[in-house]
Amino acid sequence: MPLTVLAIACLATVTLCYGALCAASPFGNCRKCRGFGYALTYDRKGRLKRGKHCRRCDGHGKRIRVGRWIYNRWARIHRAGTG
């Protein structure tokens, strides 16, 4: 019995921390370009060079976090229903 209480407490803590992260920093780095806004490629000498423009983040290097996306949807639906 105490193990389930501990698991619930840990899950609640993780959820609250992620909610605080989404409120403080709603945008994270793009997973495809890792926040650069473009792909990194190598030239023939093996040196890094700037590659193509990232299509997923449109070159911004940022993406909206899942928790913030869910909150934005909920807020939009709530405003539309009570307005």
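The values are calculated or read from the model by the stated rules, or taken from the named source; none is laboratory data. These numbers were taken from a predicted model, which means no experiment stands behind them. With ideal geometry, Cβ positions are generated from the backbone for all residues, glycine too; neighbour counts draw on all protein chains shown.
Observations on the model:
- Flag if Thr13 is of a type in the set (S, T, N, Q) and more than 22 Å from the chain's Cα centre (by Cα): no
- Residue within segment 54-66 that is in contact with a Gly (Cβ under 7 Å, 6 or more places away or on another chain), of a type in the set (A, V, I, L, M, F, W, C) and surrounded by 14 or more Cβ atoms within 10 Å (Cβ to Cβ) present: yes
- Neighbours by Cβ (under 6 Å, 6+ apart or cross-chain): first from segment 49-61, under 7 Å from Tyr38 (Cβ atoms); second among the hydrophobic types (A, V, I, L, M, F, W, C) and at pLDDT 90 or above: Cys54/Cys33
- You will find that of Cys57, Cys33, the residue that is at pLDDT below 95, within 15 Å of the chain's Cα centre (by Cα) and farther than 22 Å from Ile70 by Cβ is Cys33 and no other.
- Scanning segment 34-53 for residues that are surrounded by 10 or more Cβ atoms within 10 Å (Cβ to Cβ) and not basic (Lys, Arg) returns Gly35, Phe36, Gly37, Tyr38, Ala39, Leu40, Thr41, Tyr42, Gly51, His53.
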